[in-house]
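One structure is given below, encoded as structure tokens.
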Amino acid sequence: MDMTLFLRNIPILAYHKITNKIGWGINNVPVRFFYRQMHYLHENGFRTVSVNDFLSGGIAEHAYRKKVVLTFDDADVSVYENAFPIMQKFGFTGTLFVITDFVGKKDMWDVNPVGRHSSQMDWLQIKELVANGWTVGSHSISHRDLTSLTTTELYGELKGSKEILEKELNIGIKTISYPFNRFNSNVLEKAFEAGYEKGFILGSSHFQSETKPRLAIPRLGIYLIDFMRTFQSKLAGNKFEFFKQNIISRFSYGSVLWKKIFF
Ligand SMILES: [Zn+2]
């Protein structure tokens, strides 16, 4: 695995929902946990940098003592309601990966046999984050498994979501996070052709060191099961945390299979 990003001491963390509601799986991080994590970052001299800047050289290497990238997949409204105000308090900004078909709607793509579906941010809420320094990237149009699509469908998901976001938000969209963390060399190639400069995955991948390394940049997810000790070892880019993440990512693919079988 290419650890370039961690060698530069820029951990990239991935969240989904910041909420006290109980969810299916481990994606719901309770608000008080999130507050503690942000407080820890602040107390320890971390500053957030955007996904657009952290590899561009636009940031002076020694401008900040420690840097972190905070990303949020799916644009859940709990990120707007709970994470955004806490991050503002500490002067942090994040990156939101948006599913364009679900803006302002319920997360009906998600397998959720037990709980209620939660809402996605609407365009006004997303625009407010952008106005406050947040970055937006694509999380596709419909949150389908990109590796299962025809070339035309795949290109539509990649290019289409980019165009919708650019039109609605009037900003350039250069980054993508792949739904269900499902990708292969074809997806990375098409993402590049569609105009993405960086793509984000969960865990590590051999693609990271191959032809399109910037289209498969490793992140570590923060989950319900993370307490301060594992949060700290994720910040440090601990290899065992990557190992754990790769296992969690495989299990989350279970929800794709579940959906194929039962829906
Ligand atoms: Zn997602």
Selection from segment 206-217 of residues more than 16 Å from the chain's Cα centre (by Cα) and either hydroxyl-bearing (Ser, Thr, Tyr) or modelled with pLDDT of 90 or more (or both) yields SER209, THR211
All-but-one check, ASN20 against (1) under 21 Å from ARG229 (Cα atoms); (2) at pLDDT 95 or above, failing number (2)
Residue count, segment 174-196, condition open to solvent by 20 Å² or more (accessible area, probe 1.4 Å) and out of contact with any strand residue (DSSP E or B) (no Cβ under 7 Å at 6 or more places or on another chain), comes to 10
Whether any residue in segment 117-128 is open to solvent by less than 40 Å² (accessible area, probe 1.4 Å), acidic (Asp, Glu) and more than 19 Å from MET38 (Cβ to Cβ) is what I want to check.
no
The condition of being open to solvent by less than 10 Å² (accessible area, probe 1.4 Å) and either over 23 Å from LEU13 (Cβ atoms) or hydrophobic (A, V, I, L, M, F, W, C) (or both) holds, among ILE201, ILE171, only for ILE201
Does any residue of segment 223-236 turn out to be under 29 Å from LYS127 (Cβ atoms) and at pLDDT 90 or above?
yes
Among the residues of segment 129-141, the number that are within 16 Å of the ligand (Cβ to nearest atom) and either open to solvent by less than 20 Å² (accessible area, probe 1.4 Å) or modelled with pLDDT under 95 (or both) is 5
Flagged in segment 145-186 as among the acidic types (Asp, Glu) and away from the ligand (no atom under 16 Å from the Cβ), in numbering order, are GLU153, GLU163, GLU166, GLU168
Flagged in segment 78-92 as surrounded by fewer than 20 Cβ atoms within 10 Å (Cβ to Cβ) and under 15 Å from GLN125 (Cβ atoms), in numbering order, are GLU81, PRO85, GLN88
Going through segment 181-211 in order, the residues found to be in contact with a Pro (Cβ under 9 Å, 6 or more places away or on another chain) and either β-branched (Val, Ile, Thr) or part of a loop (DSSP other than H, G, I, E, B) (or both) are ILE201, SER204, SER205
Filtering segment 64-88 for residues that are away from the ligand (no atom under 16 Å from the Cβ) and among the small types (Gly, Ala, Ser) leaves a count of 0
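The values are calculated or read from the model by the stated rules, or taken from the named source; none is laboratory data. These numbers come from a predicted model, not from an experiment. Because the Cβ atoms are built from the backbone with ideal geometry, glycine has one as well, and the counts that use them run over all protein chains shown. Heavy atoms of the whole protein, side chains included, go into the accessibility calculation; ligands, DNA and RNA do not. Shrake-Rupley method; radii C 1.70, N 1.55, O 1.52, S 1.80 Å.
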